[in-house]
Every structure is written in C-alpha cells, then in structure tokens.
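The values are calculated or read from the model by the stated rules, or taken from the named source; none is laboratory data. Since the structure is predicted, the reported quantities are computational estimates derived from the model, not experimental observations. Virtual Cβ from ideal backbone geometry, glycine too; neighbours counted across all protein chains shown.
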Amino acid sequence: MPTSAITIEPLTPTIGATVHGVDLTEPLDEETFRFIYDAWMEHLVLFFHDQPMTPDQHLDFGRRFGDLHIHPAAPYVHGNPELMRIYTDKDSFRNNGERWHSDVSADEEPPMASILHIHQIPTKGGDTCWSNMYAAWDGLSPQMQALLEPLTALHASDYSGQYGDHKPQRESPRAVHPIARTHPVTGRKALFVNSSFTRRIVELPVEESDAILAFLYEHVKNVNFQCRFQWGANSVALWDNRCTQHMAIWDYYPESRSGIRVTIKGDKPF
C-alpha cells in the first residue's frame, strides 16, 4: 500500500504514537513494513486501533520482525506457546505486568519486542503506561551516568505459582546485563534495570546496590518519560523492550481484560 496513506500521530513528544491507515490483517509489503519499522524506532511504542487479527495473522506480523520468543512460564492459547495468554478477571490473584518492567529481562537474550492484541476490555480503566529508557538515561546527571555505565546488574525471575497450575516451559532464568544498554539499531544508551526482575548491582555491596536501584526504580516513573494508552477492543501495541518499560494498570476489578501477546526474540545486551 502507498505509505502516503499512513499517518503517524504522536501521543507525547517523548514516547508513543498511533498508526492510522494500516490493516494488520493483510500482509505488509516491504515499503509499508519499513515505514512502520522506522516509526517504531522513533517513537518506541506504536499503537494500532481496530485490528481484528486472527492468531495466525498476529504471528505473521510478529515474524516480520524476527524469530518468536517463548515465555519461560506463562500459559498460552491455541496450543501454541508463541501465543502468550493475557488475562485478568475477578478471580485473578495478580495482574500481568502490574509493576514497571521490560519483558523477561532475566533471559540471557531478552525479547527484542512485544506485540499485544487486546480482545476484551473493561467498561472503564485497564490502561497501560510505557516509559522511555533513553530519556531515563539522559535524565541522569553526568556524574551518575559515569558511575553506572561500567556496572552490571543481575536479573532473575521466579515464576513459581504465578500462573497457577500451568507448568513452566523452562527453569526460571537468571542473567547479568549492563545497566546502560546500547540499542543495537539506534546506538543510543538506555537505562536497563527494572523493579520486576533486577535483583542487585553486581559490582557493589548490597547496601549500596539497594539504595541506587531504589533511586533508579523511582526515576523511571517520571511522568515526563511516559505515555498512557487507553485500549479499545482489537487494539494492538508494539513496543521495544530494549529501550522501554511498561506497566499494566489493574483498576477495573471485578471486570475482565484479555488478549494475546506475541514476543520477538532479541540478542544479548551490550
């Protein structure tokens, strides 16, 4: 399709944009895909409204970006572990993604990107927020950047009981990653610690590590780094896990929100 028919509407000056004029139920030609990819690199997270994709179409869209990642523990649908189930209702004891995080950052090669297709929405609430980790890094003082840049952090996860009786695909991962991650496409530095998976700064005593991480976890919550998206039925979000964090808001109890996430494999952070 001609890219002149596509418009990109930024949500904020810092992060997030809505894409108009693209039908994700149809295969994307190379020109259209490149246009979307370039917009994604600029805005970090893209949103698409009114996209009644089938699971196969969702998978096809994900595979345009690379091979697909399988979550270590999450339940899936349609007999395919590449289709992660996202579901919260009145009987849930936790909400998927209710703390700021980058998806599965405890993997040795964390996912590059995630694509969430929401099917069922509550009558009110259920928004998701994203935060720009380029901006978070740039927002630190030169002195703090100089302290953090050579340091690494341990990321670990324990999925025991988090998904009920669902049997994990593999052991809970652990990995050490740089605190200042270099994006392999843009070359920009991004802050790469999060309160869901980061456990400690490897090179520092526990007390110093805890204090610095507590500061950084608060730092990424700065509203000037963020956008907030109100889902509609069949909305799609595509985000870059290498330079964003996100948090799903559970303010719609006792109603339900559900969808499917397809995740793209990444590489080892450097």
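A few comments on the model shown:
Residue-by-condition table, conditions (1) part of a loop (DSSP other than H, G, I, E, B); (2) surrounded by 13 or more Cβ atoms within 10 Å (Cβ to Cβ); (3) without any contact (Cβ under 8 Å) to a residue 24 or more places away in the chain; (4) not aromatic (Phe, Trp, Tyr):
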residue	(1), (2), (3), (4)
LEU24	yes, yes, no, yes
GLU31	no, no, no, yes
ALA39	no, yes, no, yes
PHE47	no, yes, no, no
MET53	yes, yes, no, yes
ASP60	no, yes, no, yes
ALA74	yes, yes, no, yes
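- Qualifying residues in region 1-21 (those that are hydrophobic (A, V, I, L, M, F, W, C) and either farther than 19 Å from ARG63 by Cβ or out of contact with any helix residue (DSSP H, G or I) (no Cβ under 7 Å at 6 or more places or on another chain) (or both)) - the one surrounded by the fewest Cβ atoms within 10 Å (Cβ to Cβ): ALA5
- Residue tally, condition among the aromatic types (Phe, Trp, Tyr), surrounded by fewer than 23 Cβ atoms within 10 Å (Cβ to Cβ) and under 21 Å from VAL185 (Cα atoms), over region 212-270: 1
- The residue of region 174-189 that is farthest from LEU151 (Cα to Cα), among those that are assigned to a loop (DSSP other than H, G, I, E, B) and in contact with a strand residue (DSSP E or B) (Cβ under 7 Å, 6 or more places away or on another chain), is HIS183.
- ALA113 meets all of the listed conditions (1) touching a strand residue (DSSP E or B) at 6+ places or on another chain (Cβ under 8 Å); (2) at pLDDT below 95 but one, namely (2).
- Enumeration of residues in region 5-19 that are free of Cβ contacts under 8 Å to residues at least 24 places away in the same chain and not in a helix (DSSP H, G or I): THR7, GLU9, PRO13
- Scope region 76-108; condition buried (at least 16 other Cβ atoms within 10 Å of the Cβ) and part of a loop (DSSP other than H, G, I, E, B); matching residues: ASN95, ASN96, GLY97, TRP100, SER102, ASP103, VAL104, SER105, ALA106, ASP107
- From the list THR123, THR152, THR128, the lone residue that is at pLDDT 95 or above, in contact with an Asp or Glu (Cβ under 8 Å, 6 or more places away or on another chain) and either buried (at least 20 other Cβ atoms within 10 Å of the Cβ) or under 15 Å from PRO269 (Cβ atoms) (or both) is THR152.
- Test result for ARG174, of a type in the set (Lys, Arg), surrounded by fewer than 22 Cβ atoms within 10 Å (Cβ to Cβ), more than 16 Å from the chain's Cα centre (by Cα) and modelled with pLDDT of 90 or more: yes
- Conditions (1) crowded, with 20+ Cβ neighbours inside 10 Å; (2) farther than 15 Å from THR244 by Cβ; (3) within 16 Å of the chain's Cα centre (by Cα); (4) at pLDDT 95 or above: number failed by LEU68: (1)
- Failed condition for ALA233, given (1) under 24 Å from LEU154 (Cβ atoms); (2) modelled with pLDDT under 95: (1)
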